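Single-structure report; data block below.
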Amino acid sequence: MTRGVVSLGLAGALGPEAVALIAPEVERAGFHGLWINDTPDGDALAALAAAARVTDRLRLATGVVPVDRRPAEAIAADVASLALPLDRLTLGIGSGMAKQGALARVTEAVSVLHEAGVPRVLVGALGPKMRRTGVELAEGVLLNWVPPIEARNQAEVLHAIAPDAHIAVYVRTAIAPAARERLEAEIARYASFPNYAANFERMGVDAADTTIRDVTELGDALEAYTAAADEVVLRAIVAEDTVEAYVDFARRTAPSPR
């Protein structure tokens, strides 16, 4: 199993055309994969289909598709209609905003996607029950907004349950001073969500402690995260959502050869 690889994360709102221009640069920079957030204004699967057409090796992942908004049957149908390459695809799914029935909803979605022929599903998970569901029923979990030590602790517990489970961690990252304001806004937004606020309190950390806020932090933080998890996804935060800004981010954060 590959351990400690580094991938890049983008917002689905960028759209397929922009992603098609950025993806080859991400592949050339040596990243393991490209993760796309699925949002109401951004279709992650359409963006990944665009990336698939212009890359050869880059793994393609969603981080994550909320199954209360986009049911598993619809996801599976879109994977087929878009002809996404299953050998490169990781479907990250989450329970979404609806609190009741979250575990049952995700459990059913994993089953539906597996039955549809999707071989690799990761579950976005904050709590221990959802994390356990991810490693027992799916192929692993995607952690989010956790510091390196917590990522390591959670990964150790999950690997004890399922040694082959894939543990990925999303890390919001800004390397340019001009992007710091946008990162701070993102930190404040997530800290205002009750479920995330409760999770930060349980971990005893500030939301900012789970991010990389400057290029000077990148080396040490990345080393800590890659030692903790199987895959680290640098969710790029740039000053302006332009192709040029994301290409510059990819080039400046390109992982060292392993």
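The values are calculated or read from the model by the stated rules, or taken from the named source; none is laboratory data. Because the structure is a prediction, the values reported are computed rather than measured. Quick reminder, even Gly has a Cβ in these numbers, built from the backbone with ideal geometry, and neighbours come from all protein chains shown. Heavy atoms of the whole protein, side chains included, go into the accessibility calculation; ligands, DNA and RNA do not. Shrake-Rupley method; radii C 1.70, N 1.55, O 1.52, S 1.80 Å.
So, in the stretch 1-58, exactly how many residues are part of a loop (DSSP other than H, G, I, E, B), modelled with pLDDT of 95 or more and closer than 23 Å to residue 223 by Cα?
Total satisfying the criteria: 5.
Considering only residues that are small (Gly, Ala, Ser) and more than 16 Å from residue 120 (Cα to Cα), which ones fall in the stretch 59-98?
Those that are small (Gly, Ala, Ser) and more than 16 Å from residue 120 (Cα to Cα): 74, 81, 95, 96, 98.
So which pairs qualify, if the first residue must be in the stretch 178-202 and over 12 Å from residue 144 (Cβ atoms) and open to solvent by less than 70 Å² (accessible area, probe 1.4 Å), the second must be of a type in the set (Val, Ile, Thr) and not in a helix (DSSP H, G or I), the Cβ gap must be under 6 Å, and the two must be at least 6 apart or on different chains?
Close Cβ pairs satisfying both conditions: 179/237; 179/238; 183/237.
Considering only the stretch 207-216, state which residues are open to solvent by less than 50 Å² (accessible area, probe 1.4 Å) and either modelled with pLDDT of 95 or more or in contact with a Lys or Arg (Cβ under 7 Å, 6 or more places away or on another chain) (or both).
Residues satisfying the conditions are 207, 208, 210, 211, 212.
Condition check: over 22 Å from residue 223 (Cβ atoms) and surrounded by 14 or more Cβ atoms within 10 Å (Cβ to Cβ). Does residue 152 satisfy that?
In short, no.
Of 98, 74, which residue is open to solvent by 20 Å² or more (accessible area, probe 1.4 Å) and either in a loop (DSSP other than H, G, I, E, B) or among the charged types (D, E, K, R) (or both)?
Within the list 98, 74, the selection yields 98.
Taking the stated definitions as given, is residue 112 farther than 24 Å from residue 171 by Cα and either open to solvent by less than 30 Å² (accessible area, probe 1.4 Å) or in contact with a helix residue (DSSP H, G or I) (Cβ under 9 Å, 6 or more places away or on another chain) (or both)?
So residue 112 passes the test.
Against the condition hydroxyl-bearing (Ser, Thr, Tyr) and more than 16 Å from residue 5 (Cβ to Cβ), how does residue 170 come out, does it pass?
No, not satisfied.
Any residue at all in the stretch 102-109 that's within 18 Å of the chain's Cα centre (by Cα) and open to solvent by 20 Å² or more (accessible area, probe 1.4 Å)?
Scanning the stretch 102-109, I find no residue that is within 18 Å of the chain's Cα centre (by Cα) and open to solvent by 20 Å² or more (accessible area, probe 1.4 Å), so the answer is no.
So, in the stretch 20-71, how many residues would count as being surrounded by fewer than 20 Cβ atoms within 10 Å (Cβ to Cβ) and among the basic types (Lys, Arg)?
Counting residues in the stretch 20-71 that are surrounded by fewer than 20 Cβ atoms within 10 Å (Cβ to Cβ) and among the basic types (Lys, Arg) gives 4.
Results for (1) closer than 25 Å to residue 60 by Cα; (2) modelled with pLDDT of 95 or more, shown as yes or no for each residue.
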| residue | (1), (2) |
| --- | --- |
| 174 | yes, yes |
| 183 | yes, yes |
| 193 | no, no |
| 200 | no, yes |
| 205 | no, yes |
| 218 | yes, yes |
| 231 | yes, yes |
| 235 | yes, yes |
| 240 | yes, yes |
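For every residue, the table says whether it meets (1) in contact with a strand residue (DSSP E or B) (Cβ under 9 Å, 6 or more places away or on another chain); (2) within 25 Å of residue 67 (Cβ to Cβ).
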position	(1), (2)
167	yes, yes
170	yes, yes
178	no, no
200	no, yes
